[in-house]
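Data block below; observations after.
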Number of protein chains: 2
Amino acid sequence: MPDIHSPLSAPDGFAVTTGPLPSSRKIHVESPRLAGVRVALREIDLTEGSGEPPVRVYDTSGPYTDPAHATDIRAGLPALRRAWIEARGDVETYDGRAVRPEDNGLKDGEVSRVPVFDRSGRRPLRAIGGRAVTQLAYARAGIVTPEMEYVAIRENLGRATLREQGRTVRDLGGESFGAAIPEHVTGEFVRDEIARGRAILPANINHPEAEPMIIGRNFLVKINANIGNSAVTSSVAEEVDKLVWAIRWGADTVMDLSTGRNIHTIREWIIRNSPVPIGTVPIYQALEKVGGQAEELTWEIFRDTLIEQAEQGVDYFTIHAGVRLPYIPLTARRVTGIVSRGGSILAKWCLAHHKENFLYTHFEEICEIMKAYDVAFSLGDGLRPGSIADANDAAQFAELETLGELTKTAWKHDVQVMIEGPGHVPMHLIKENMDKQLRECGEAPFYTLGPLTTDIAPGYDHITSGIGAAMIGWFGTAMLCYVTPKEHLGLPDRDDVKVGVVTYKIAAHAADLAKGHPAARERDDALSRARFEFRWKDQFNLSLDPETAERFHDQTLPAEGAKLAHFCSMCGPKFCSMKITQEVRDYAARQEAEAGMAAMSETFKEKGGQIYLSDRPLPADHH
Amino acid sequence: MPDIHSPLSAPDGFAVTTGPLPSSRKIHVESPRLAGVRVALREIDLTEGSGEPPVRVYDTSGPYTDPAHATDIRAGLPALRRAWIEARGDVETYDGRAVRPEDNGLKDGEVSRVPVFDRSGRRPLRAIGGRAVTQLAYARAGIVTPEMEYVAIRENLGRATLREQGRTVRDLGGESFGAAIPEHVTGEFVRDEIARGRAILPANINHPEAEPMIIGRNFLVKINANIGNSAVTSSVAEEVDKLVWAIRWGADTVMDLSTGRNIHTIREWIIRNSPVPIGTVPIYQALEKVGGQAEELTWEIFRDTLIEQAEQGVDYFTIHAGVRLPYIPLTARRVTGIVSRGGSILAKWCLAHHKENFLYTHFEEICEIMKAYDVAFSLGDGLRPGSIADANDAAQFAELETLGELTKTAWKHDVQVMIEGPGHVPMHLIKENMDKQLRECGEAPFYTLGPLTTDIAPGYDHITSGIGAAMIGWFGTAMLCYVTPKEHLGLPDRDDVKVGVVTYKIAAHAADLAKGHPAARERDDALSRARFEFRWKDQFNLSLDPETAERFHDQTLPAEGAKLAHFCSMCGPKFCSMKITQEVRDYAARQEAEAGMAAMSETFKEKGGQIYLSDRPLPADHH
């Protein structure tokens, strides 16, 4: 697929993808309640004369799609949240931990050629005197933070239109399985959801560049994309561009799963340039520091890694504290054993020492660190099933119960929590996962990988898992971790990342629609009206991937005029089912207006005219 | 994607794709009960020394993947069923209808350059003296036909393995929503399902080349692919190859939606070379015959077209007899009106004449024709929703109720029936479609197009609809009509057809798994074992698309040795979560064998060894 490397935004070596999507403008909605809260949204302009207003959509892409923003990844993004964080008066700057060679997988004295992000003048923040500087702590204290206000405006999308139509969320008639999607999202509603632990707002105080977003089942379903450094990295821009590319297509958060050399340096570049929360799996880096020997891992090395990453600004950590020693033998008879990398590292450690997982035994100390920076937990499912045969087994559910126990511990420390879920699960066992997660984990947000609904389609696992993701999203999962076509086979490239993100946007959106979310429905209706009225450009521009839609159209009808024509390639110019519908409307209108129906027949015949001469085949939708 | 045009099978201009899939052999299972019933299956051979038996899978590809078959499309396929049909003694040959210029969209005296299939010596068959020569009539008479016996063996896949494991279908624990998947499929079970109208076996007596297959919710979920001629056709082989290509990847039936010129000729080439049932929408050809003027359509022209196509061997007809005049105004307030082409042709006719749909008024006469050839009904949903906004509305459900009424009429005439369904439906409204269809149509098989679960992703509608297809397949839909990535945008090419078919095989298979079908589970487990044991070639060969899986793998690790290596590109050679599982198994085994657990820790440590040195990024499944 052709990329849209728009006008380069920085000198050679530091360029990333910028520029708006077709017919789209970045807009900022100001909070009427809190000065300085300006929420970025995307507005898609439709064809002039269509009588259709612009359609506002949720925008994860950050300043990169804003022509008014001069992108320079060497400077990083503006520190949007800095003033809010400082205004709370509960944090202090300090010297922070010095970067060590092993943070980048280097030997003592070894120098990397990878350029270092210039942090001069920047010192990390942490909580003063053991306080919890988390959104959860503020929420419990009754404070609606600017972050919460930002999220309220961002999530309110579509409600204005609905109100103009005189309709309510209830009128949309979705089925939300006990979720409580509000008629109007207020800052207070956001605060309450966070206070109850039912949503998280991942916002490390050392990542002020991030635009606030929320993960919880009473909000729009979110998606995560994974990125990671490759063996040979030609430029830091390439790494940053993976992030920029993923959020351009809709990733709400990005996990940096880099391993090997230069990961500290690359993480710094990523965070300083990320408008979305960044998640990591700290055990990966800790393992690097002990030369890849799982049994050499210690609490001290792990602890130091948490602080290193918290100071950089990582917003959530995957912590596999539920992989308890007694559960490990439960996996012995599985078809695919332990497939989580984090899970197997910890299983190996537990077996080598015959000791309980040190993440479990030190869990309260982990909480103490995380509350000082507002890093959220993503409690990892290290024992998730890696095949249909292993779904919903004793090992998986034992771990889930422990994650429930740990959720309560984290909440005790005012630390935000979400729970990771599987994996490979056949359709009929998906709902049990959701129901059990809600029950065991006190409605903490669920964050699942797919699940894949069959094992037999390597090369198409974005689809096998997109099916499960849509379903579990509908049932209540708050964030869906994407799977690319390369899953199980190799490393995703740029096209794979895009296909993975778009597939997961489809799953999340289908879930929002089924739950009855007003923003979701607005876009479907706008696109369907455009389709019906042959506004081809509007149909492309309202779609999740305007370039692919336009390219596919042009393969059959390349002429520019075809995009203005009131027909499509399927039925040709002279016959068209949509054209006939206009006649049906005229008929129904006249039927109402006139009494005599028999007379109508003649009138219609007089209008007559040839309607069909195509010799093209038809796609499925038209038979 | 690269195609696999294997060694050409015929002289230039008549070549189609032939040759087996990797590591696959065509096998034939003979019925112990009925001589001459030899059921074609595919057997996938796994790596020598793996200790794994070959895996048998359902095979739609026909003789084209059998090296023992000399493909020559000018001769057509062998008439597998001819002897069975003749042995029943209820049919006669006759001269048949003469081909007219308008059948091919030609003017009087105009000659087409498209070569004509040589039918010399072939005369059509029809029932003697008004008899019903349908599988339904035989089933009701208590006869297990060879076709039913063939289907029983074909559908029994996976049950032998299950029995060897000492397990039953019930042990698989699926949820089938009231479907009754038998422990063992017998010819008698097939007969009974057909007799009850709960399954159809589409098998026109003039299409003896087709391998019997069944569509019903107590059997494997089937998929249909649509093909159709393009504006410029260079060779008939190109048209036949579309069919061969679709069945190679798993299409169970193929609909020929050709329009325009030469459609009679091309249909003949397709049917003579098709091992799967062929469906059509006869109103398309009838409309051609009246110059594309819907209002000029007459019962006589339509009737003649039915006979023309029945004599050629079309196995099922989409008949839009449910588009009744009073329902048409119900579509006036829709966002996307009438999107079915057949539906809009008939709506236009009804409005022009202000008369009831002639397919509805002549329905019993249609039944009389269809029972004389055993053409099955696919009762078309001409008023299906074309957008999320229009799902499950009054027009759609009014038509469905009429389809239920027509089902009973068809059954009265011993004609087999399935019912077409939507379309565009959000997830939460899908099940209502299935439940209502079962109720209104007396459990006649449901055959749905997707449904698409959102409108906002043109270019990805194989995915938006694959989600809905998997779900409705699970709920009980018997056949899923595929949607390609080009849906709504343009004409599918060869790659689009393959992606559409594979996506729908995923949906059908995920549904079979969730219903608890034994054949489905066997393949998942075999593939997952191969994955776990790093039998890369086996993983590729067991997948739905071995070539794509291998190509994706090779993009990251191209060396041939990598396919033998006990590691993958995700974690590299020195650390591997699957390797660790083997250690877990050893541990669990020793834990059982030995009493002292503390001692184990030291043993493990001594084994030690470096386990991790990768600098590669990780895909989602490994964090």
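Of all the residues in segment B:428-447, those that are surrounded by fewer than 24 Cβ atoms within 10 Å (Cβ to Cβ) and within 13 Å of chain A (Cβ to nearest Cβ) number 4. Scanning segment B:391-404 for residues that are open to solvent by less than 10 Å² (accessible area, probe 1.4 Å) and among the acidic types (Asp, Glu) returns a single hit, B:GLU399.
Quick test for you: out of B:VAL323, B:VAL281, pick the one residue that is under 30 Å from A:ALA530 (Cβ atoms), at the interface with chain A (Cβ under 10 Å from one of its Cβ atoms) and at pLDDT 95 or above. Before the answer, list the steps.
On the way: B:VAL323 fails: at the interface with chain A (Cβ under 10 Å from one of its Cβ atoms).
The match here is B:VAL281.
On inspection, A:LYS355 passes the criterion of being surrounded by fewer than 23 Cβ atoms within 10 Å (Cβ to Cβ) and either at the interface with another protein chain (Cβ under 10 Å from one of its Cβ atoms) or not in a helix (DSSP H, G or I) (or both).
Conditions tested, residue by residue: (1) at pLDDT 95 or above; (2) facing chain A (nearest Cβ under 7 Å).
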| position | (1), (2) |
| --- | --- |
| B:VAL417 | yes, no |
| B:LEU449 | yes, yes |
| B:ALA469 | yes, no |
| B:LEU489 | no, yes |
| B:VAL497 | yes, no |
| B:THR503 | yes, yes |
| B:HIS517 | no, no |
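Selection of segment B:291-320 for residues being touching a helix residue (DSSP H, G or I) at 6+ places or on another chain (Cβ under 9 Å) and within 9 Å of chain A (Cβ to nearest Cβ) yields B:GLN293, B:ALA294, B:GLU295, B:THR318. If the condition is being among the charged types (D, E, K, R) and modelled with pLDDT under 95, then segment A:335-379 contributes A:ARG341, A:LYS348. Name every residue in segment A:112-171 that is of a type in the set (Phe, Trp, Tyr) and closer than 30 Å to A:ASN262 by Cα, in order of residue number. Passing the criteria: only A:PHE117. Considering (1) more than 7 Å from chain A (Cβ to nearest Cβ); (2) modelled with pLDDT of 65 or more; (3) under 40 Å from the mean Cα position of the chain (by Cα), the lone condition that B:ASP586 does not fulfil carries the number (3). Read through the list (1) buried (at least 24 other Cβ atoms within 10 Å of the Cβ); (2) at pLDDT 95 or above; (3) in contact with a helix residue (DSSP H, G or I) (Cβ under 7 Å, 6 or more places away or on another chain), then give the number of the only condition that B:PRO208 fails. Only one criterion is unmet by B:PRO208, namely (1).
Hey, can you tell me all the residues within segment B:56-93 that are open to solvent by less than 60 Å² (accessible area, probe 1.4 Å), more than 22 Å from B:VAL116 (Cβ to Cβ) and among the aliphatic types (A, V, I, L, M)? Selection gives B:VAL57, B:ILE85, B:VAL91. Screening A:PHE363 with (1) among the aromatic types (Phe, Trp, Tyr); (2) open to solvent by 10 Å² or more (accessible area, probe 1.4 Å); (3) away from every other protein chain (no Cβ under 14 Å) gives one miss only, at (2). Within the set A:LYS486, A:LYS515, the sole residue that is of a type in the set (Lys, Arg), in contact with a Pro (Cβ under 6 Å, 6 or more places away or on another chain), in the same structural domain as A:GLY442 (by the TED database) and surrounded by 24 or more Cβ atoms within 10 Å (Cβ to Cβ) turns out to be A:LYS486.
Taking the conditions exactly as written (in the same structural domain as B:GLY343 (by the TED database), among the small types (Gly, Ala, Ser), modelled with pLDDT of 95 or more and crowded, with 24+ Cβ neighbours inside 10 Å), does B:GLY476 satisfy them or not? Considered against the rule, which asks whether it is in the same structural domain as B:GLY343 (by the TED database), among the small types (Gly, Ala, Ser), modelled with pLDDT of 95 or more and crowded, with 24+ Cβ neighbours inside 10 Å, B:GLY476 comes out as yes.
Does at least one position in segment A:176-186 carry a residue that is charged (D, E, K, R), closer than 30 Å to A:ILE44 by Cα and in contact with a strand residue (DSSP E or B) (Cβ under 6 Å, 6 or more places away or on another chain)? Within segment A:176-186 (the criterion being charged (D, E, K, R), closer than 30 Å to A:ILE44 by Cα and in contact with a strand residue (DSSP E or B) (Cβ under 6 Å, 6 or more places away or on another chain)), the answer is no, since none of the residues qualifies.
Note on segment A:522-537: residues that are free of Cβ contacts under 8 Å to residues at least 60 places away in the same chain and either hydroxyl-bearing (Ser, Thr, Tyr) or open to solvent by 30 Å² or more (accessible area, probe 1.4 Å) (or both) total 1.
Every residue, every condition in (1) in contact (Cβ under 8 Å) with a residue 60 or more places away in the chain; (2) within 29 Å of B:ASP241 (Cα to Cα), yes or no:
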residue: B:ASP414; (1), (2): yes, no
residue: B:VAL417; (1), (2): yes, yes
residue: B:VAL425; (1), (2): no, no
residue: B:HIS428; (1), (2): no, no
residue: B:GLU432; (1), (2): no, no
residue: B:HIS462; (1), (2): no, yes
residue: B:PHE475; (1), (2): yes, no
residue: B:GLY490; (1), (2): no, yes
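Counted as qualifying within segment B:428-538 are the helices (runs of 4 or more DSSP H) with 2 or more residues that are among the charged types (D, E, K, R) and within 26 Å of A:ALA389 (Cβ to Cβ), namely B:494-515, B:518-532. For segment A:157-175, residues that are surrounded by fewer than 20 Cβ atoms within 10 Å (Cβ to Cβ) and in a loop (DSSP other than H, G, I, E, B) total 6.
What are the residues in segment A:470-490 that are over 17 Å from A:ASN218 (Cα atoms) and under 15 Å from the mean Cα position of the chain (by Cα), if any?
Restricting attention to segment A:470-490, the residues satisfying the condition of being over 17 Å from A:ASN218 (Cα atoms) are A:481-490.
Across segment A:470-490, the qualifying residues are A:CYS481, A:TYR482, A:VAL483, A:THR484.
The set of residues in segment B:327-352 being more than 7 Å from every other protein chain (Cβ to nearest Cβ), in contact (Cβ under 8 Å) with a residue 60 or more places away in the chain and assigned to a helix (DSSP H, G or I) consists of B:TYR327, B:LEU330, B:ILE345, B:LEU346. Being at pLDDT 95 or above, outside any loop (DSSP other than H, G, I, E, B) and surrounded by 15 or more Cβ atoms within 10 Å (Cβ to Cβ) is a condition met by at least one residue of segment A:11-24.
The values are calculated or read from the model by the stated rules, or taken from the named source; none is laboratory data. Model, not experiment: these values are computed from the prediction. Every residue, glycine among them, receives a Cβ derived from its backbone with ideal geometry; neighbour counts consider all protein chains shown. With ligands, DNA and RNA removed, areas are computed over all heavy atoms of the protein, side chains included. Shrake-Rupley method; radii C 1.70, N 1.55, O 1.52, S 1.80 Å.
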